[in-house]
Amino acid sequence: MPEVLVGEYLFLRLKELGIHTVFGVPGDFELALLDLIEPLGLKWVGAPNELVGAYAADGYARVNGMGALVTTFGPGELSALCGIGGAYCESVPILHIVGYPTVPAQKSGKILHHTLGDGKFDHYQRISSELSCATAVLDDPTTAPAEIDRVLTAMIYNSKPGYIGISEDIAYAKVSAEYLNTKIPRTLNPSAPDSEAATVTKIVSTLESAKAPVLIVDGGAARSDWGRHTDALIQALKIPFLTTGLGKGIADETSPYYHGVYGGEGSYPRDVINTVEQQADCILWLGNCPSDFNTGIFTEHLNHCTIIDLQRFSVKIGETKYDGRINHIIPLLTLIFTDTHPPLAQLPISPFRQILPIALPESNKIEQDWLWSRLSSYLHPGDLVITETGTAQVGINSTRFPSGCHGWTQSVYGSIGYAAGASAGAAIAAKESGTYQRLVLITGEGSLQLTIQAFSMLNQGYGITPVVFVLNNSGYTIERYFCGWTAKYNDIPMWDYTALFKALTTGTTKGFKVRTAGELDGLLDEKEFNEAEYPQCVEMMMDRFDAPAAMKRTFEVKKAREAAQAAVGEE
């Protein structure tokens, strides 16, 4: 009977599930395990620290479908947990593999390095259990294959991180290879056919009875399961569609049915609010995620609408919940509404305005609202755009993506520094898939200070060519709205980002520091800049008190609402 090592079994399962690159940081309890990766045909990409590694695994998983991270027991795994927390929050399946001390060492009760000094070895697993859908610490070779399969199955089913602890002695124990003959499902299976059919019938009848239905593409419910089906659904329905900030980058924004980004007072363009809140009477909402930053800090008004909310495991129409899974419901709706179904009632189609050259601002400063509009004509089909939490996250809603351009931002968890690390992993997955040609990272200088080490991965040639835009406005802009413009704690140390971009690689790179809109406008038009096959960094010097109009408007409404509530409280 053929046998494999437990560690080999684990990595063969990852390979079977389509994971080709494993991220992490080496540590003493995992070194023997790492020796098994490359002989099995997987690629190891070392990260400068565990946090960046976790973000890289997240970015890889959002492009590839799932990812994997290896860290050592204790300090290593704890350093990764901020990244794992974001993946849990935003439904990104990552397997976190942790190298543990040997089973005899754990049972001895002795104080080992990397522990909390109390002779116990279960603290970290219990911490990670709050940020994972399933955990296992392998302590018996005979049950190891079943435990590995259990965690991986739960990870795929829930689209959440999983956790497996494995020590050197268990990793090198032998088990039957026959377990590998049973395959792990890579996608979410449909629910019961009869109940799913009844749900689809109810959705169709609700849409048919509406006088002005619209579609909103959001980012909840694990977009990797259903995002690829959305353009076909939009074309079949032929009704106006919008995205949210979390859903931006999923659907084709060159469609004649695209109206813009809806997020309450943070909507762009402004007439989107009227379309959704005044004209529409029914919303087919894909992956609704009503978080604060995704709704313009809860400034949406939708009580007049019937909402058909498609989620990962269920569908809710009004207040009634139905059985059905989003990744299966969308293709069924597409089939029904393609060609043979009578057209739905429609709002007048008023396509999002064409991308036209825009004039430089009179100040010649790199103003926020000018910048985001200008980027619309800079982006290429085939670009992968990753936007950092903060000002960029709001401003990007004013940028129209060309067809074949995909992107995302971490809207819900909102961990600053995420985008740089995620870009490194996403670039690698994009190269493996051949889907995208260029990576565009848009980040703020404050966020970048947390994870600038990610440049050392991004610039190594592992993935597709990156272009990094750094918004340098001398501090944390979004926090200024929360806490006051002149608060000293919003200031940050000054760095030379273009110099650091070069310093963190030994290869060819190019950096640009631009101070005026004219300089930036000219650079974005340069043929050499657009066709470069080497990493580039553009540091944009901006006014510290400037912010996107949608962001200003949202916070003004928030402050007015709080003032009104305070006044009522005083009466």
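The values are calculated or read from the model by the stated rules, or taken from the named source; none is laboratory data. Just so it is clear, the model here is predicted, and its values are computed rather than measured. Note: ideal-geometry Cβ built from the backbone for every residue, glycine included; neighbour counts use all protein chains shown. Areas reflect the complete protein model, heavy atoms only, side chains present, ligands, DNA and RNA absent. Shrake-Rupley method; radii C 1.70, N 1.55, O 1.52, S 1.80 Å.
Percent antiparallel among DSSP beta bridges with both residues in the chain, to the nearest 5?
Close to 15 percent.
Would you mind working out the magnitude of the charge dipole of segment 221-291 relative to its Cα centre, with +1 at each Lys and Arg C-beta and -1 at each Asp and Glu C-beta, to the nearest 20 Debye?
140 debye
Expected output is a single nm value to one decimal: the length gained when fully extending between Asp281 and Asn364, i.e. 0.36 nm times separation in residues minus the C-alpha distance. What is it?
Gain in length upon complete extension: 25.6 nm.
Given the C-alpha centroids of segment 33-71 and segment 274-348, what is the distance between them in whole angstrom?
After rounding, the separation between the Cα centres reads 36 Å.
Taking only Cα atoms, what is the 0 to 90° angle, nearest 10, from helix 549-570's long axis to the longest principal axis of the chain?
The angle comes out at about 90 degrees.
Using label points projected 7 Å from each Cα along Cα→Cβ, tell me how many nm separate Ile336 and Ser209, to one decimal.
With each label point 7 Å from Cα toward Cβ, the separation is 1.3 nm.
How much length is gained if the chain between Lys183 and Ala499 is pulled fully straight, taking 0.36 nm per residue apart and subtracting their Cα-Cα distance, in nm to one decimal?
108.9 nm
Which peptide among 141-152, 443-454 comes first, and what is the full order, when sorted by highest mean count of other Cβ atoms within 10 Å? Mind showing how you got there, number by number?
Working: 141-152: 18.9, 443-454: 24.2.
So the peptides 141-152, 443-454, ranked by packing, come out 443-454, 141-152.
Can you work out ³J(HN,Hα) from phi for every residue in segment 142-153, in order, using Karplus 6.51 cos²θ - 1.76 cosθ + 1.60 and θ = phi - 60°, giving whole Hz and x for Gly and Pro?
Here the 3J(HN,Hα) series is 5, 9, 4, x, 5, 5, 4, 5, 4, 5, 5, 5 Hz.
Using alpha-carbon pairs under 8 Å, 6+ residues apart, how would you state the relative contact order of the chain in percent?
13 percent
Between segment 245-271 and segment 420-465, what is the C-alpha centre distance in whole Å?
Measuring centre to centre over Cα atoms gives 25 Å.
With every protein chain left in place, what is the accessible area per residue of the chain in square angstrom, probe 1.4 Å?
On a per-residue basis, 39 Å².
Take every Cα pair under 8 Å in segment 193-337 that's 6+ residues apart, average their separations, divide by the length, and report that relative contact order as a whole percent.
29 percent.
What is segment 201-276 by shape, rounded, prolate or oblate, if you read a ≥ b ≥ c off the alpha carbon gyration tensor as root eigenvalues and call it rounded for a/c under 1.5, prolate for a/b larger than b/c, and oblate otherwise?
Since a/c reaches 1.5 but b/c is at least a/b, the shape of segment 201-276 is classed as oblate.
May I ask you to give the percent of accessible area on the chain that is carbon plus sulfur, with a probe radius of 1.4 Å?
Ligands and nucleic acids excluded, carbon and sulfur reach 54 percent.
Could you work out how far helix 75-89 tilts from the main Cα principal axis of the chain, as a 0 to 90 degree angle to the nearest 10?
Value to nearest ten degrees: 40.
Could you work out the helix-only [θ] at 222 nm for the chain, with each DSSP H run of four or more residues adding -39,500 (n - 2.57) and the total divided by the number of residues, to the nearest 500 deg cm²/dmol?
For the chain, the value works out to -10500 deg cm²/dmol.
If you place +1 on the Cβ of every Lys and Arg, -1 on the Cβ of every Asp and Glu, and leave all else neutral, what size is the dipole of the chain about its Cα centre, to the nearest 20 Debye?
380 debye
Give the shape of segment 3-181 as rounded, prolate or oblate, defined through the alpha-carbon gyration tensor: a ≥ b ≥ c are the square roots of its eigenvalues, a/c under 1.5 means rounded, and otherwise the shape is prolate if a/b is larger than b/c and oblate if not.
Taking the square roots of the gyration eigenvalues as a ≥ b ≥ c, segment 3-181 is rounded.
So for the pair Tyr534, Lys238, with labels modelled 7 Å out along Cα→Cβ, what separation do we get in nm?
5.2 nm
Counting only other residues whose beta carbon sits under 11 Å from that of Ile19, what net charge do I get with K and R as +1, D and E as -1?
Local charge sum for Ile19: +2.
For segment 211-252, calculate the relative contact order in percent as a whole number, restricting contacts to Cα pairs under 8 Å that are 6 or more residues apart.
In percent, rounded to a whole number, it is 59.
In degrees from 0 to 90, rounded to the nearest 10, what is the angle of the helix 193-209 Cα long axis to the longest principal axis of the chain?
The helix 193-209 is inclined about 10 degrees to the chain.
Is segment 168-298 best put as rounded, prolate or oblate by its Cα gyration tensor, with a ≥ b ≥ c the root eigenvalues, rounded for a/c under 1.5, and otherwise prolate when a/b is larger than b/c, oblate when not?
prolate
Taking the simple approach of a point 7 Å from Cα along Cα-to-Cβ for both Ala560 and Lys316, what is their distance in nm?
Computed distance between label sites Ala560 and Lys316 equals 2.9 nm.
Over the heavy atoms of Thr201, what accessible area does a 1.4 Å probe trace out, to the nearest 10 Å²?
Only protein atoms counted, so the area is about 90 Å².
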